[in-house]
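The next block holds one structure in the form of structure tokens; read it before the comments.
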Amino acid sequence: MVVVKKAIPRRALLRGMGAAVALPLLDSMIPAFAGPADTMTKATPRLSFVYAANGIWPMDKWTPKTEGAAFELTPFLEPLAPFRNQMLLLTGLAHAEAAAMEGDAGGDHSCACASYLTGVRPKRRGDLGSGVSVDQLVTRELGKETQVPSLELTLANTEVVGICEGEYSCTYTGALSWRNSTTPLPLEYSPRAVFERLFGDSDTTDKSARLTRIKQKRSLLDFVREDTADLVKGVGAQDRNKITQYLDAVRDIERRIQIAEDQSNREVPTLDKPVGVPGTFDEFFKLMTDLQVVAFQADLTRVISMMLDREGPWGGRAYPEIGVDDLHHTISHHQNDPDKVSKLFQISLFHTKMFSYFLEKLRSTPDGDGNLLDRITIVYGASLSNPNGHSHVGLPVLLVGGGAGQLMGGRHIRYPERTPMSNLYVTLLNQLSIPTEKFGGSTGALDLQKA
């Protein structure tokens, strides 16, 4: 018999009038006689991929000259200084599957995106085809225990269809994750859709009640107020604080989604349904990453991938908020023009500044006897290094997080040039207790303990 501190199951929900809100891990959910070692052993792992399209350039502003623990923080990495001890910078990795082949008339962006998480070159001329992506292999295991098996998100509209380049389907630049070799998973662009998937798809949730709530601009939490009041009466002060912080975060996200929808509706009055996307990249990034944090916190999902922009000219993002009005892909073909290189530097630096916001949110969110950053493994990077020549070697790859005790950070590791990126995925899969010898174009596993 397991004795618990309080009779609160791990999957407890706040319920009321067709609404259901999952709770984060509370002390009251941990067995009464469990010690720190037990809770760390049972720590729930999470996996995240953050994909920067159109490369990161210039690479000398990314790659430290020094290896090991004494590596210097380059300009792109400086915004991540507070997380240095939980960072593993990996140099020398490549995606041979994305490189141009004889007979190709373009297709570098399609192959870059489609092979990033699969390690498989996509099919051309005809049916879609790549390979199952690493996040979906993990989802087959970690997703068994969560309401949402995985989330696939984007900060760029990916609705372009047809043939985009070199007789490759546009689908390849609008999908990162593949359930199997023929089924790419669509990326979600709408914060409202993500919110409703997390908090509106429970078996106990009534669709009509949700629609009424949205129309009346009432918060989801208004519907579970009575259940919340009953819960907090019976738990300790630390749990009450956790519940309050979590529900405040959910309410704030919902409020920001409503503001974005109202703004979209005013700007495009002919639309029947507002897109509800914030007007600036930083607002959009923060909203989508805050959604990820509450999803991880309540254990609604354990696997998330997010694309910052779409590969090639089909994403069309500019960054006027940092003084870059040119489209990212357009200036990525910089031809060593100092002005274009400077703008590319500003964009990639802006991305890492935003990424630091995500990391701080994870670190400040309790999870058991640690925090979410302790439990997660995040792969941040791109499938191109120098975008001017569509280079798929010497890729920018950064691992961040404690990996539920599996990652030892604070180091820069240099591998032989053209080491397959898929080798990293073999290692990550095995760390997550998914025995794997071969994945995509792998030639083995990476030694992440290397000095």
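The values are calculated or read from the model by the stated rules, or taken from the named source; none is laboratory data. Note that this is a predicted model, so its numbers are computed, not measured. Heads up, the Cβs are rebuilt from the backbone with ideal geometry, glycines too, and the neighbour counts pull from every protein chain shown.
Couple of notes before you dig in:
- Where a residue in the range 389-403 is assigned by TED's automatic domain parsing to the domain that holds Pro82 and its partner, wherever it lies, is part of a loop (DSSP other than H, G, I, E, B) and among the polar types (S, T, N, Q), with Cβ under 6 Å and at least six apart: Ser391/Ser385; Gly394/Ser385; Leu395/Ser385
- Lys340 being charged (D, E, K, R), over 18 Å from Leu155 (Cβ atoms) and modelled with pLDDT of 95 or more: yes
- Where strands (runs of 3 or more DSSP E) fall entirely within the range 340-451, those with at least 3 residues that are surrounded by fewer than 19 Cβ atoms within 10 Å (Cβ to Cβ) and touching a strand residue (DSSP E or B) at 6+ places or on another chain (Cβ under 8 Å) are at 411-420.
- Top-ranked residue in the range 40-82 [being in contact with a Pro (Cβ under 6 Å, 6 or more places away or on another chain) and polar (S, T, N, Q); ranked as nearest to Asp337 (Cα to Cα)]: Asn54
- Where helices (runs of 4 or more DSSP H) sit wholly within the range 27-145, those with at least 3 residues that are within 23 Å of the chain's Cα centre (by Cα) and modelled with pLDDT under 95 occupy 108-116.
- Taking the criterion of being closer than 28 Å to Phe83 by Cβ and assigned to a helix (DSSP H, G or I), the residues of the range 317-339 that qualify are Glu321, Ile322, His328, Ser332.
- For the range 148-165, the criterion of being of a type outside the set (A, V, I, L, M), within 18 Å of Asp127 (Cβ to Cβ) and in contact (Cβ under 8 Å) with a residue 40 or more places away in the chain is met by at least one residue.
- Filtering the range 156-178 to residues that are at negative phi and surrounded by fewer than 20 Cβ atoms within 10 Å (Cβ to Cβ) leaves Asn157, Glu159, Val160, Val161, Ile163, Cys170.
- Considering residues of the range 62-77 that are in contact (Cβ under 8 Å) with a residue 12 or more places away in the chain and within 20 Å of Ile347 (Cα to Cα) only, the residue surrounded by the most Cβ atoms within 10 Å (Cβ to Cβ): Trp62
- Of all the residues in the range 61-105, those that are aliphatic (A, V, I, L, M) and over 14 Å from Tyr380 (Cα atoms) number 11.
- Selection of the range 121-149 for residues being within 15 Å of Leu429 (Cβ to Cβ) and in contact with a Ser or Thr (Cβ under 7 Å, 6 or more places away or on another chain) yields Gly131, Val132, Ser133, Asp135, Gln136, Thr139, Gly143.
- Summed over the range 242-292, residues that are within 30 Å of Ser348 (Cα to Cα), at pLDDT 90 or above, surrounded by 14 or more Cβ atoms within 10 Å (Cβ to Cβ) and of a type outside the set (A, V, I, L, M, F, W, C) total 9.
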